[in-house]
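The values are calculated or read from the model by the stated rules, or taken from the named source; none is laboratory data. What you are looking at is a predicted structure, and each value in this text was computed from that prediction instead of being measured. When we count neighbours, we look across all protein chains shown, and the Cβ atoms used for this are built from the backbone with ideal geometry, even at glycine. The accessibility values were calculated without ligands, DNA or RNA, using every heavy atom of the protein model including side chains. Shrake-Rupley method; radii C 1.70, N 1.55, O 1.52, S 1.80 Å.
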Amino acid sequence: MVLNQASLKRNGVQDFVSLRATALVISAYALFIIGYLLCTPALTYEAWSGLFGNLAMKVFTLVALTCIMVHARIGLWQVLTDYVKNAQLRAFLGFVLNLMALTYVVIGLFVLWGV
């Protein structure tokens, strides 16, 4: 049985599509938040907690956080492979930066859904 090695790893087309898709979700989230801030006459704690108390907003925020992580992972991988030539340093930086991105999403989950 012959396996295509490219099918087991990311490829350029997948990275391209992932970056564009995550950028669209992040842009939609940012536009929604900006629109909410502009349309809400008095931004109070009750209005803000009411917005984020809605299940749809929590899911949208979770999707946006995940998209930010995926977008950052691909972008950091591209930058690290272009500018960090030492393979061990690149692997270490990639690990630390990916761990930070995952930590941000986990912290966002705790803040968003409340513990």
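Points to keep in mind about this one:
- Placing +1 on the Cβ of every Lys and Arg and -1 on the Cβ of every Asp and Glu, with nothing else charged, gives the chain a dipole about its Cα centre of roughly 360 debye.
- Contact order for the stretch 54-115, expressed relative to its length and based on alpha carbon pairs under 8 Å spaced 6+ residues apart, stands at 47 percent.
- The mean accessible area for residues of the chain, using a 1.4 Å probe and ignoring ligands and nucleic acids, is 73 Å² per residue.
- Residue of Thr40, Thr61, Thr81 that the Gaussian network model of the chain assigns the largest fluctuation, springs spanning Cα pairs under 10 Å: Thr40
- Qualifying trypsin sites (Lys or Arg not before Pro) in the stretch 7-54, where qualification requires a DSSP coil assignment and no more than 10 other C-beta atoms within 10 Å, comprise Lys9.
- Using the Cβ-Cβ distance between Val63 and Thr40 with R0 set to 22 Å, the FRET efficiency works out to roughly 0.50.
- Principal axis dimensions, the chain - Cα atoms, whole angstrom, descending: 58, 29, 28
- Amide N of the stretch 41-75 lying under 15 Å from the label point, which is placed 7 angstrom from the Cα of Leu31 along Cα→Cβ: none
- Of the residues Leu62, Leu112, Leu38, the one with the largest accessible area comes first in the ranking Leu38, Leu62, Leu112, computed with a 1.4 Å probe on protein heavy atoms.
- Under Karplus coefficients 6.51, -1.76 and 1.60, residue-wise ³J(HN,Hα) of the stretch 38-53 in Hz, glycine/proline x: 6, 8, 8, x, 10, 7, 10, 4, 5, 5, 5, 5, x, 5, 7, x
- Peptides 65-74, 22-31 ordered by average Cβ neighbours within 10 Å, highest first: 65-74, 22-31
- Solvent-accessible area, 1.4 Å probe, carbon plus sulfur percent, for the chain: 73 percent
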